[in-house]
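Written out below as structure tokens is the structure these notes cover.
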Amino acid sequence: MQTSDDTFAIIGLGEVGLRLAIALVDSDYSVTGVDIDDTRVEELRAGNSYIQDIPSEEIERIHGRDFSVTTSYEDLRSASYFAVCVPTPLQKAGQPDISYVVAAVESLVPILTSGDTVIIESTVYPGATEDLIAPIIEDEGFEIGSDIHLAFSPERIDPNNEEYTLAEIPKVIGGATPECATRVEAVYSEIFEDIVHVNSTTEAEMTKILENTFRNVNIALVNELVKVADNLNIDFWTVIEAAKTKPYGFMPFYPGPGLGGHCIPVDPLYLSWTARQNGLKTPLIDLADKTNREMSEYVVTRTMRHLNEFGTPLSGASVLVLGVTYKPDVPDVRNSPGVDIIDHLEDHNADVSYHDPYIKTVEVPGQGEYESETLDAEILSRTDCVVIVADHSAYDFEWIASQAPLVFDTRNATAQLEDNSIRRL
Ligand SMILES: NC(=O)c1ccc[n+]([C@@H]2O[C@H](COP(=O)([O-])OP(=O)(O)OC[C@H]3O[C@@H](n4cnc5c(N)ncnc54)[C@H](O)[C@@H]3O)[C@@H](O)[C@H]2O)c1
């Protein structure tokens with residue numbers, strides 16, 4: 001049960017933080033969220049959501065309960081639990097950028113008081129909580145485990161996945177001490193249906209990165225094999241469907257135009273970086289990363305080949321990219337292969353345009369800004385090739401294939417269609 005001092009502060013009100021805030025308020029906790037982005041805080045104060053799969057009604061609903069937002073850490077003083085949910089991207093050279101986490105914890109320590117609990121939810125490299133975060137707290141004169149409780153508890157949500165709600169995804173907790181883990185469990189067991197304990201913050205950090213590295217490497221495998229299958233005239237999608245009928249020992253992964261978003265392409269590089277710091281190599285992770293990154297070029301090579309079937313060179317051909325987000329029905333172009341594909345098509349002097357119901361304009365580094373086209377019969381019929389990159393549910397692929405002279409489908413979105421204009425990855 002909630003005790004009177006169980007007030008919660010959420011640091012970073014993005015996809016992860018906002019969702020956690022809602023779950024806590026719904027479990028009758030008093031929650032204050034802080035974000036350095038004034039616009040986001042203003043939007044939340046006005047009852048508006050900026051996260052696609054969190055409706056504004058959810059924000060209005062929790063405003064009616066014990067929820068407030070601020071840009072000032074000072075307003076978090078009364079909290080006893082602090083969950084850090086700030087971004088952890090890559091630096092330009094591919095190293096982990098955990099400066100946001102460090103900055104958040106540095107802002108936090110002046111307002112901590114003995115007895116408080118700090119939970120790191122942002123994905124960090126194995127060892128970061130112990131080696132980097134704990135010393136910031138200790139430098140303020142606190143002892144971890146007696147004054148301040150510290151834990152790492154990775155967020156495992158999958159945006160737009162309606163099958164698993166936040167509560168249904170088991171919550172992994174690794175405490176700096178067993179008592180730290182117990183403190184976190186006391187609150188999280190009210191929100192999450194299952195709690196999974198590991199022995200340390202480092203084990204919890206590694207758990208999160210293992211999950212996403214597993215996914216990255218397996219996607220690389222099918223991305224490699226789809227090229228082999230194409231060469232052998234094998235429909236690889238049918239092969240995957242057949243293989244997944246095996247009741248054990250096989251899990252389906254699907255090829256595609258490349259990885260995107262802020263987790264699957266990023267997290268394995270946190271691990272390979274950590275390995276390098278310790279004098280170890282991770283050739284499998286490095287090769288998987290390379291294989292997945294090269295898919296956007298492969299998509300362009302295949303587009304070229306299919307255009308050649310119609311006697312049309314890619315140079316000068318009009319190509320319409322359908323969907324530039326990294327996954328369907330999510331308005332997120334971070335690390336999206338759609339952006340890379342536009343870039344590579346431009347490098348081949350194609351006449352490139354795009355349509356995406358979620359993204360009005362997109363910046364393609366080195367090429368400039370593009371505006372989403374209107375998707376109608378006119379543009380489809382005058383386009384030499386339509387390349388399906390994000391298979392948004394709003395798309396009527398049967399109609400698209402009936403209007404366009406050539407469709408290159410990188411997502412198997414047209415699996416049920418028989419149309420001579422379709423080529424599949
Ligand atoms: N989004 C996901 O699906 C997902 C899933 C699992 C794990 N994660 C991990 O969770 C973490 C957060 O991801 P996200 O998608 O919510 O990020 P996000 O970019 O959507 O939101 C992060 C928020 O933190 C704010 N912020 C940055 N620095 C701050 C600071 N010093 N103080 C207060 N606020 C600050 C930003 O303004 C932003 O609003 C990342 O480590 C990510 O890898 C994300």
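Read the figures in this text as sums done on the coordinates, not as results from a lab. None of these values were measured; they are calculated from a predicted model. Counting neighbours? That spans all protein chains shown, and the Cβs are built from the backbone with ideal geometry, glycine included.
Annotation: the residues Ser80, Ser146, sorted from fewest to most other C-beta atoms within 10 Å of their own C-beta, follow the order Ser146, Ser80.
Remark: the stretch 412-425, residue by residue, has Karplus-estimated 3J(HN,Hα) of 6, 6, 9, 3, 8, 9, 10, 8, 4, 7, 8, 10, 10, 4 Hz, where x stands for each Gly or Pro and the curve is 6.51 cos²θ - 1.76 cosθ + 1.60 at θ = phi - 60°.
Just from its helices, what would the mean residue ellipticity at 222 nm be for the chain, if runs of 4 or more DSSP H residues each count -39500 (n - 2.57) and the sum is divided by every residue, rounded to the nearest 500 deg cm²/dmol?
-11000 deg cm²/dmol
Highest mean packing first, where packing is the average number of other Cβ atoms within 10 Å per residue, the peptides 38-44, 215-221 line up as 215-221, 38-44.
Going from the fewest other Cβ atoms within 10 Å to the most, the residues Asp340, Asp26, Asp376, Asp235 appear in the order Asp376, Asp235, Asp26, Asp340. Going from the fewest other Cβ atoms within 10 Å to the most, the residues His197, His149 appear in the order His197, His149. Helix screen, the chain: DSSP H segments with Cα axial length of 20 Å or more and mean Kyte-Doolittle hydropathy at least -1.0 are 201-231, 295-309.
With contacts taken as Cα pairs under 8 Å and at least 6 residues apart, the chain reaches a relative contact order of 10 percent.
Lys and Arg at +1, Asp and Glu at -1: add these up for the other residues within a Cβ distance under 14 Å of Pro126 and post the number.
Charge balance near Pro126 sits at -4.
Peptides 238-247, 299-308, 264-273 ranked from most to least packed give 264-273, 299-308, 238-247, packing being the mean of other C-beta atoms within 10 angstrom over each peptide's residues.
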